[in-house]
Number of protein chains: 2
Amino acid sequence: MKLLKDKIQQEGKVLSDVVLKVDSFLNHQIDPMLMQEVGEELANRYSDEIITKVLTIESSGIAPATFLGLVLGAPVVFARKRKSLTLTDNLYSAKVHSFTKNEVNEISVSQNFLSADDRIIIIDDFLANGEALKGLLDIAQQAGAHIVGAGIVIEKGFQKGGEQLRQQGLRIESLANIKSLANGKVEFFD
Amino acid sequence: MKLLKDKIQQEGKVLSDVVLKVDSFLNHQIDPMLMQEVGEELANRYSDEIITKVLTIESSGIAPATFLGLVLGAPVVFARKRKSLTLTDNLYSAKVHSFTKNEVNEISVSQNFLSADDRIIIIDDFLANGEALKGLLDIAQQAGAHIVGAGIVIEKGFQKGGEQLRQQGLRIESLANIKSLANGKVEFFD
């Protein structure tokens, strides 16, 4: 997705060989026009599939997932990283190790909002080691839902998550796939 | 906003005289079509103002804030409740007591994304005691920004936050303002 790759080149900050900071448009400040295009592009790539629900994780997955949900006419469910006093239902839960926050979160989704009848797409802002995606897959499997695939805004293709999960048969559509962050420069696959 | 009030009556669950659960369309599962209408309605109510930035707080403020930002053509910034390893800039911070989670969070916004040139609208899913809104106002004031007003999806008008802040001169537009949750029923003002 050219618009996204241009934005990454213009505004992304390479903090190390593995860390790309995109907080000016994706995960702290959000560019709504770009997120709308992201949602439309993901819908386009999965236009061959029936999708009944969009599953993501708070917080940076919510904007792209919601624009995708709007195009699909499907509700969005975001997994919570912490329990609220009003989140009292029976829950699907999974453990997720976050490398950027250096901690393990238990993520949860109410059993009211995912079922065996659902055909799910999983959305996240980043795919690196695949920990968040694996947690969301675990939750979707606990619900017995059919997993159509995943949609990722930025994949760090030089890390292992995407390759591992594709080898296990998961369809993953990444709108920007990064080959390298070496020498302070962003290089994409293709 | 009739569509929103109807949705609250149909799907909201009154857990006590003070707790309304709306996790089927606002703060766990999200109804993207409703959120789009919320964004358009808020833009409409503030159509007399110039707004350069939408400020909200993770996670449930993000969807309505992003749709508002799309209509306004303005970026959205969401305050973070926890620090990320990539959130290393100088920060504006404020303390917020959450009644539903029963804890104090320090919320933060990078100084890169709010400035004295900004004309800010603050968006949140709920207004009850006003703690989150006060924290966001504090952050906007630290930036020296002009605060145009606030946009709230659901105000619990029987709690004190809205009244206090309006008395201090803040413009607050609530799309549904709840008068009472007594006897398991939602009653709105107007």
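Summary of computed values
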item	result
Every residue from the range B:72-92 that is surrounded by fewer than 18 Cβ atoms within 10 Å (Cβ to Cβ) and modelled with pLDDT of 95 or more	B:G73
Count of residues meeting criterion [touching a Phe, Trp or Tyr at 6+ places or on another chain (Cβ under 9 Å) and in a helix (DSSP H, G or I)] in the range A:118-140	5
Output for the range A:143-176, where each listed residue is over 12 Å from A:L133 (Cβ atoms), among the β-branched types (V, I, T) and either within 12 Å of the chain's Cα centre (by Cα) or not in a strand (DSSP E or B) (or both)	A:V153, A:I154
All positions within the range B:177-190 that are charged (D, E, K, R) and either part of a strand (DSSP E or B) or modelled with pLDDT under 95 (or both)	B:K179, B:E187, B:D190
Candidates B:T52, B:T66, B:T56 - the one that is more than 7 Å from chain A (Cβ to nearest Cβ) and surrounded by 21 or more Cβ atoms within 10 Å (Cβ to Cβ)	B:T56
So B:V109, is it touching a helix residue (DSSP H, G or I) at 6+ places or on another chain (Cβ under 6 Å) and of a type outside the set (S, T, N, Q)	yes
Filter result (out of contact with any Lys or Arg (no Cβ under 6 Å at 6 or more places or on another chain), free of Cβ contacts under 8 Å to residues at least 12 places away in the same chain and either outside any loop (DSSP other than H, G, I, E, B) or of a type in the set (K, R) (or both)) within the range A:6-28	A:D6, A:Q10
Given (1) in a loop (DSSP other than H, G, I, E, B); (2) of a type in the set (S, T, Y); (3) buried (at least 22 other Cβ atoms within 10 Å of the Cβ), index of the condition B:S47 fails	(3)
One residue from B:S98, B:S108, B:S16 being polar (S, T, N, Q), more than 18 Å from the chain's Cα centre (by Cα) and within 11 Å of chain A (Cβ to nearest Cβ)	B:S16
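The values are calculated or read from the model by the stated rules, or taken from the named source; none is laboratory data. Predicted model, so just to flag it, every value in this text is computed and none were measured. We place every Cβ from the backbone using ideal geometry, glycine too, and count neighbours over all the protein chains shown.
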